[in-house]
Amino acid sequence: MTDRSASFIYVTFIRTTPDKVYEAITRPDIARRYWGHENVSDDWRPGSDWRHVRADEARTVELVGKVLESDPPSRLVISWANESQKDDAEQYSRVTFDIEKQGEMVKLTVAHEELQPGSGMLKGISKGWPLVLSSMKSFLETGQGFDL
């Protein structure tokens, strides 16, 4: 059995509503504007597939998984793996988005867990999540995300 004890947790505060944060994660037309990718699912309900698709002409699917929990607009939990490793159950990790209203802001906690220590995925998401979530914050507060 593979060691999957590593995790990465990121917390940010965004001046917006829980609904808008949830939509920014789950609506392809919004995600492409701050992430350069679209998160796509038929319905974002537990058991549904989801895909992380490049928002360019190639439309390459880079990540895949299942929706594990969905409680809009406060919580979304998905499994997560590189598309090229989708047939290996040990390559999947778990991402939890907890969205909490705090006054005029939202506290967004992203916990990416069940990662292999020292893996390429852990290294990639440790750099990627801060950039993507900062871009989301900027987009939701100003209307402009970063060019990722």
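The values are calculated or read from the model by the stated rules, or taken from the named source; none is laboratory data. From a predicted model like this one, the values you see are computed outputs, not experimental measurements. Cβ coordinates were reconstructed from backbone atoms using ideal geometry, including for glycine residues, and neighbour counts include every protein chain displayed.
Key figures
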item	result
Residues of region 87-97 classified as under 17 Å from the mean Cα position of the chain (by Cα) and within 13 Å of Q116 (Cα to Cα), total	4
Residues of region 95-148 that turn out to be of a type in the set (G, A, S) and surrounded by fewer than 15 Cβ atoms within 10 Å (Cβ to Cβ), as a count	6
Some residue of region 98-112 being more than 11 Å from the chain's Cα centre (by Cα), at pLDDT 95 or above, of a type in the set (K, R) and under 22 Å from S74 (Cα atoms)	yes
Residue match in region 112-131 (condition: without any contact (Cβ under 8 Å) to a residue 12 or more places away in the chain and of a type in the set (K, R))	yes
Of all residues making up region 89-148, the number that are in contact with a helix residue (DSSP H, G or I) (Cβ under 9 Å, 6 or more places away or on another chain), assigned to a helix (DSSP H, G or I) and basic (K, R)	1
Answer from V110, V95 - the residue that is touching a strand residue (DSSP E or B) at 6+ places or on another chain (Cβ under 8 Å), more than 18 Å from V40 (Cβ to Cβ) and of a type in the set (V, I, T)	V110
Region 1-28, subset in a helix (DSSP H, G or I) and of a type outside the set (S, T, Y), residue surrounded by the most Cβ atoms within 10 Å (Cβ to Cβ)	V21
Residues (more than 12 Å from the chain's Cα centre (by Cα) and either over 18 Å from K20 (Cα atoms) or acidic (D, E) (or both)) located in region 69-86	E69, D71, N82, E83, S84, Q85, K86
